[in-house]
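What follows is a single structure, written as C-alpha cells, with notes after it.
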Amino acid sequence: MEASEKKRKRTVISERGFSGAIGGSLTRAMCQPFDVLKIRFQVQIEPISKTNSSAVYRGIFQGLQHIVKSEGWTALWKGHVAAQALSATFGFVQFGLFEGITTYAFEKSPALNSVQSGVNFSAGFGSGCLATIISFPFDTIRTRLIVQGEPKIYKGVIDVVSKMSANEGALSLYHGLSPTLIQMGPYIGCQFAMYKFLVEIYDQAMEEKSAGLKSLTCGAVAGAFAKTLVYPLDLGKKRMQLQGFCDRHQYKGLFDCLATTVRNEGLAALLKGLSPSLLKAVFSSALQFYFYEITLEFLTRSRFEYIQK
C-alpha cells in the first residue's frame with residue numbers, strides 16, 4: 001500500500017512538472033516579442049526616450065517597428081529555439097518541485113497551514129533557484145541570439161555554444177548566474193506566494209468560480225508584482241551575460257554592474273526595459289498559470305478515467 005501511494009505521488013508530481021513545461025512553452029511562443037524588446041532595452045546604454053535621437057530604441061512601439069524594419073518580422077522571435085528549451089526545462093522543474101515541496105511540507109507538518117504564504121514563498125524560492133541552474137545555459141544562448149543584429153555573428157544554438165566554448169570557455173554559458181539566482185529566487189517565491197494568496201481570496205469572493213478567469217487574473221497580478229520587485233537584478237543579469245561579446249558591458253560582478261549603470265546612466269537606468277518587461281510579465285504569468293492549470297486538469301482527469309476503467 002505504501003509503495004502504491006509513493007508511486008501515485010510521483011505520478012502526480014510528474015504531471016505537474018509536465019504541465020509546467022507545457023505552460024512555459026506555450027507562453028514563450030506567445031510572449032517572445034516582448035522578451036526580445038526587453039533585452040534590447042536592457043543592454044542599450046543610451047537613455048530610452050522619445051526625444052533622444054542618438055538611441056536606437058526610444059519606446060515600445062518605436063522599438064518593435066525598428067526591429068521589424070531593420071531585421072524582419074522573424075527577428076521578434078530571435079533565439080526562440082533556445083528560449084523554448086529554457087521555458088520547458090524551467091517550467092518542468094519549477095512547478096514539479098514546487099508542488100512536491102509544498103505537498104510534502106503540509107502533509108508532514110499540518111501546523112504549516114497557518115503560514116501557507118511563507119511555505120509557498122520558500123518552496124517557490126527553492127524551485128526557482130534549481131530551475132535556474134539547470135536551464136541557465138539556454139538563457140545565455142538566447143540572449144546572445146537576441147542581441148545580435150545584422151550581419152549575424154551566430155548561426156544558431158549550436159554555433160553559440162561552439163564559439164563561446166572555444167573563445168570564452170565553457171563556463172561562459174553561466175555568465176550572470178549569481179545575479180540571476182539572486183533575482184529568480186525572490187521572483188518565483190513572490191510569484192507563487194502571491195498567486196496562491198490571490199487564488200484563496202478569489203475563491204472566497206466569487207460565487208461563480210471560473211477556473212480559467214481565476215488563473216488568468218491571479219497570475220497576471222502575481223507576475224506584475226514579482227517582476228517589479230526584482231527588475232534591477234534582471235537588468236544586471238542581462239548585461240553580465242554579454243561580457244566577452246559586447247565591449248560596452250564589462251563588469252567585475254553584479255554590484256559593480258548596477259553601480260556602473262547608475263553612475264554612467266542615472267538611477268532610472270535600473271528600470272530600462274521595465275515597460276515591455278511588465279507587459280510580458282502580466283501576459284506570461286497569466287498564460288503560464290492558465291495553461292498549467294488546464295493541462296494539469298486534463299492529465300488528472302485522464303488518469304482518473306484510466307483508473308476507473
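The values are calculated or read from the model by the stated rules, or taken from the named source; none is laboratory data. Everything numeric in this text was worked out from a predicted model, so none of it was measured. Reconstructed Cβ throughout: ideal geometry from the backbone, glycine too, with neighbour counts over all protein chains shown. For the accessible areas, the whole protein counts, side chains as well, though only heavy atoms, and no ligand, DNA or RNA atoms are used. Shrake-Rupley method; radii C 1.70, N 1.55, O 1.52, S 1.80 Å.
Values as computed for the structure displayed
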| item | result |
| --- | --- |
| Within the stretch 79-98, considering residues that are of a type outside the set (Phe, Trp, Tyr) and open to solvent by less than 20 Å² (accessible area, probe 1.4 Å), the one farthest from VAL157 (Cα to Cα) | GLY96 |
| Within the stretch 270-281, tally of residues that are buried (at least 20 other Cβ atoms within 10 Å of the Cβ) and in a helix (DSSP H, G or I) | 5 |
| Hey, LYS163 assigned to a loop (DSSP other than H, G, I, E, B) and either among the acidic types (Asp, Glu) or open to solvent by 10 Å² or more (accessible area, probe 1.4 Å) (or both) or not | no |
| Flag for TYR231 being aromatic (Phe, Trp, Tyr), modelled with pLDDT under 90 and in a helix (DSSP H, G or I) | yes |
| Search result, residues across the stretch 204-226 that are open to solvent by less than 50 Å² (accessible area, probe 1.4 Å) and over 22 Å from SER277 (Cα atoms) | GLY212, LYS214 |
| Residue match in the stretch 249-263 (condition: open to solvent by 60 Å² or more (accessible area, probe 1.4 Å), touching a residue at least 12 places away in the same chain (Cβ under 8 Å) and either under 25 Å from GLN32 (Cβ atoms) or not hydroxyl-bearing (Ser, Thr, Tyr) (or both)) | no |
| Where SER53 falls short, out of the listed (1) open to solvent by 20 Å² or more (accessible area, probe 1.4 Å); (2) touching a Leu at 6+ places or on another chain (Cβ under 7 Å) | (2) |
| Qualifying residues in the stretch 1-50 (those that are open to solvent by 70 Å² or more (accessible area, probe 1.4 Å) and closer than 23 Å to LEU86 by Cα) - the one farthest from the chain's Cα centre (by Cα) | PHE18 |
| Qualifying residue in the stretch 57-71 (condition: open to solvent by less than 30 Å² (accessible area, probe 1.4 Å), among the hydrophobic types (A, V, I, L, M, F, W, C) and out of contact with any Ser or Thr (no Cβ under 8 Å at 6 or more places or on another chain)) | yes |
| Count of the stretch 1-55 residues which are of a type in the set (A, V, I, L, M, F, W, C), part of a loop (DSSP other than H, G, I, E, B) and touching a helix residue (DSSP H, G or I) at 6+ places or on another chain (Cβ under 9 Å) | 2 |
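Matching residues to (1) closer than 24 Å to PRO186 by Cβ; (2) in a helix (DSSP H, G or I); (3) of a type outside the set (Lys, Arg):
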site	(1), (2), (3)
LYS227	yes, yes, no
PHE255	yes, yes, yes
ALA286	yes, yes, yes
THR295	no, yes, yes
